[in-house]
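Some notes on the structure that comes next.
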Amino acid sequence: MRFIDTHTHQYQPKFDSDRHESIERCLESGVDTLLLPNIDVESIPRVLSMMEKWPDMCFGMMGLHPCHVDGDFESTLETILKTLDNPPSGKNFIAVGEIGIDLYWAKTHIEQQKLAFMEQCSWAKERSLPIVIHVRNAWEELFEVLDKVNDSSLTGVFHCFTGGEAEAKRALEYGGFKLGIGGVVTYKNGGLDKVLPGVGVEHLVLETDSPYLSPVPFRGKRNESSYVKHVAERVAAILDLTTDEVAQKTTENAVNLFNLKK
């Protein structure tokens, strides 16, 4: 049984003491591919380091997380774009991400977030790359931008999807997107048990968002990519499928969406 964690921050400092061990736990759990979303300028060398140390397992993205968008976001985007267009030797970035709009903490830079999101969507379309979208407390604002920029060349994933049936329907209507399902699906009041039956496994990819949002039975502890199997098991239970069926289809979805060669 093979799994792909389509969204993990295992390059973050919380893994500095046992990163190699966590990679071994991934392989023991059938997780043989990790997709690493960048968040800001400071995280770039960490993403690159994992891509270089585990070239057959770790695939990087480049993007500016909306929570790191500020009044000087243009210069930050310049640095990230230079990295996007100059990947490590023998490697390519597989997506633009993670990008989007987040109004949970503050609305101070809402217009800058929109501009940064639009700009990064243009990068993706110009380079035929998918985007990885972060959205929190900002569905209408996000859809407002996507309505302007979406066309047949834009594809991607709504990372850590926690919306309702209406948001799922609208997200999938754009045509080229999947929903990224993580640990929230295992939470008693997560709500995804009511949404996923109307979506179907053909529209899903699996993720952990580690070190955040650990699935049950690890909730409250550091998350890691080896736990993606627990997400798959819960998705399987909701959709009345076997875990192997969920693993096979979501892996296929991820390979196709991110153009993975493995």
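The values are calculated or read from the model by the stated rules, or taken from the named source; none is laboratory data. All values derive from a computational prediction rather than experimental measurement. Here Cβ is always computed from backbone atoms with ideal geometry, including for glycine, and neighbour counts include all displayed protein chains.
Results for (1) at negative phi; (2) in a loop (DSSP other than H, G, I, E, B); (3) within 18 Å of the chain's Cα centre (by Cα), shown as yes or no for each residue.
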{"position": "K82", "(1), (2), (3)": "yes, no, no"}
{"position": "N86", "(1), (2), (3)": "yes, yes, no"}
{"position": "E111", "(1), (2), (3)": "yes, no, no"}
{"position": "K114", "(1), (2), (3)": "yes, no, no"}
{"position": "Q120", "(1), (2), (3)": "yes, no, yes"}
{"position": "I133", "(1), (2), (3)": "yes, no, yes"}
{"position": "V145", "(1), (2), (3)": "yes, no, no"}
{"position": "D151", "(1), (2), (3)": "yes, yes, no"}
{"position": "A168", "(1), (2), (3)": "yes, no, yes"}
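Kindly indicate whether any position in the range 63-76 is closer than 15 Å to T8 by Cβ and out of contact with any Phe, Trp or Tyr (no Cβ under 6 Å at 6 or more places or on another chain).
yes
Which members of the range 193-223 meet the condition of being among the β-branched types (V, I, T) and in contact with a strand residue (DSSP E or B) (Cβ under 7 Å, 6 or more places away or on another chain)?
V199, V205, T208
Would you pick out the residues in the range 216-228 that are β-branched (V, I, T) and in contact (Cβ under 8 Å) with a residue 40 or more places away in the chain?
Residue satisfying the conditions is V228 alone.
Every residue in the range 61-80 that is touching a Ser or Thr at 6+ places or on another chain (Cβ under 9 Å) and either modelled with pLDDT of 95 or more or outside any loop (DSSP other than H, G, I, E, B) (or both), please.
Matches in the range 61-80: M62, L64, H65, H68, V69.
Under 9 Å between Cβ atoms, at least 6 apart or on separate chains: pull out the pairs that start in the range 73-86 with a residue that is over 16 Å from L129 (Cβ atoms) and end on any residue that is assigned to a loop (DSSP other than H, G, I, E, B) and of a type outside the set (A, V, I, L, M).
That search, which allows pairs on different chains as well, returns F73/H109; T76/D40; T76/D70.
Within the range 109-132, does at least one residue satisfy the condition of being hydroxyl-bearing (S, T, Y), in contact (Cβ under 8 Å) with a residue 12 or more places away in the chain and over 23 Å from Q10 (Cα atoms)?
Yes: the range 109-132 contains one or more residues that are hydroxyl-bearing (S, T, Y), in contact (Cβ under 8 Å) with a residue 12 or more places away in the chain and over 23 Å from Q10 (Cα atoms).
I'd like to check something: does the range 160-180 contain any residue that is at pLDDT below 95 and under 27 Å from R25 (Cα atoms)?
For the range 160-180, residues at pLDDT below 95 and under 27 Å from R25 (Cα atoms): absent.
Does the range 15-25 contain at least one residue that is of a type outside the set (D, E, K, R), within 30 Å of N137 (Cα to Cα) and in contact (Cβ under 8 Å) with a residue 12 or more places away in the chain?
Yes, the range 15-25 contains a residue that is of a type outside the set (D, E, K, R), within 30 Å of N137 (Cα to Cα) and in contact (Cβ under 8 Å) with a residue 12 or more places away in the chain.
Table: residues versus (1) assigned to a loop (DSSP other than H, G, I, E, B); (2) closer than 27 Å to E141 by Cβ; (3) free of Cβ contacts under 8 Å to residues at least 60 places away in the same chain.
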residue: G180; (1), (2), (3): no, yes, no
residue: K194; (1), (2), (3): no, yes, yes
residue: D209; (1), (2), (3): yes, yes, no
residue: S214; (1), (2), (3): yes, no, yes
residue: H230; (1), (2), (3): no, no, yes
residue: L241; (1), (2), (3): yes, no, yes
residue: E252; (1), (2), (3): no, no, yes
